[in-house]
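The values are calculated or read from the model by the stated rules, or taken from the named source; none is laboratory data. These numbers come from a predicted model, not from an experiment. Note that we place each Cβ from the backbone using ideal geometry, even for glycine, and neighbour counts take in every protein chain shown.
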Amino acid sequence: MADFLFSSERWSPLLWLDGLRAQIPTACVLCNGRTQGGGLCTGCIADWHYRYKQVRWRCQRCKVAQLGGVARAASQCQSCLDSPAVLQQLAVAFDYMMPLDSLIWRFKARHQLRLAPVLARMMQQAILRDGWSLPPDTQVAYIPSRPSALQKRGFNPAAELARYLARLLGYGFMYGALGLQQQDDGNAQKHRTQQQRRHYAQHAFVWQSARTPSTLLLVDDVFTTGSTLQAAAQCALAHGVSQVYGVVLARVPWIM
Ligand SMILES: [Zn+2]
Ligand SMILES: [Zn+2]
């Protein structure tokens, strides 16, 4: 089963359409206001950056936002302080909350594929916001979908985002660099405890590419505990990749 809803041949006309859309007035994908380029309007972009900054506290490593309570003194959350860093850095486009979470739902559940380049641009902005400088030979890969999810949805959201992001950043794109080691047991990730997730994740991935890039940028859609991204990064490092960066669309925050 393919990761993509549109094959490479059918993707080129989509890119052409995106290019065309960039030059005409369009409605904002979030508020329906006037904008250009098929993405967010200037008001929604300002609101997005404002919300990202206006949190009580944010862990500098895993980017978890604390939305209430007393701001911590440490720069990292306890979970990050207790575990060795696997990713060089993680960039997060937004916190998984209203109203931006609706874009993820529309993209993943309603198959609004036209949102993929919009969301990939937001990930690119997140990387710029964090001031990364990655080497030009960086390769972009994505977290593979579980077979049941792929069957249900028909495409892998992370893969769609990754191929647009690679194009925006001018990096190479690795198709199917990571695969799933285990057969899908039907026990969805969301029903597992954190400990079960970690155990599952450590044995979940297999490196499938004959190439070994020096720097890998791993793409996923939603970051919950980080165990998936961490395990995928560990798999890449075990196969000779020198450094792994991560970028996700949304990070689940702490609401207190
Ligand atoms: Zn708007
Ligand atoms: Zn953290």
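Checking each residue in the stretch 192-230 for being at pLDDT 85 or above and either assigned to a helix (DSSP H, G or I) or acidic (Asp, Glu) (or both) picks out 220, 221, 227, 228, 229, 230. Among the conditions (1) modelled with pLDDT under 95; (2) crowded, with 16+ Cβ neighbours inside 10 Å; (3) assigned to a loop (DSSP other than H, G, I, E, B), the only one that residue 117 does not satisfy is (3).
Just wondering, is there one or more residues in the stretch 26-38 that are free of Cβ contacts under 8 Å to residues at least 24 places away in the same chain, more than 13 Å from ligand 1 (Cβ to nearest atom) and farther than 18 Å from residue 163 by Cα? No, the stretch 26-38 has no match at all. Checking each residue in the stretch 13-63 for being within 30 Å of residue 82 (Cβ to Cβ) and either aromatic (Phe, Trp, Tyr) or within 16 Å of ligand 2 (Cβ to nearest atom) (or both) picks out 52, 55, 56, 57, 58, 59, 60, 61, 62, 63. Of the residues 51, 61, 56, the single one that is within 16 Å of the chain's Cα centre (by Cα), of a type in the set (Lys, Arg) and more than 20 Å from residue 169 (Cβ to Cβ) is 61. In the stretch 67-84, which residues are surrounded by 13 or more Cβ atoms within 10 Å (Cβ to Cβ) and either in a loop (DSSP other than H, G, I, E, B) or more than 10 Å from ligand 2 (Cβ to nearest atom) (or both)? If the condition is that a residue be surrounded by 13 or more Cβ atoms within 10 Å (Cβ to Cβ) and either in a loop (DSSP other than H, G, I, E, B) or more than 10 Å from ligand 2 (Cβ to nearest atom) (or both), then 67, 72, 76, 77, 83 are the ones that fit.
Counting only residues that are hydroxyl-bearing (Ser, Thr, Tyr) and over 17 Å from the mean Cα position of the chain (by Cα), the stretch 127-185 holds 2 of them.
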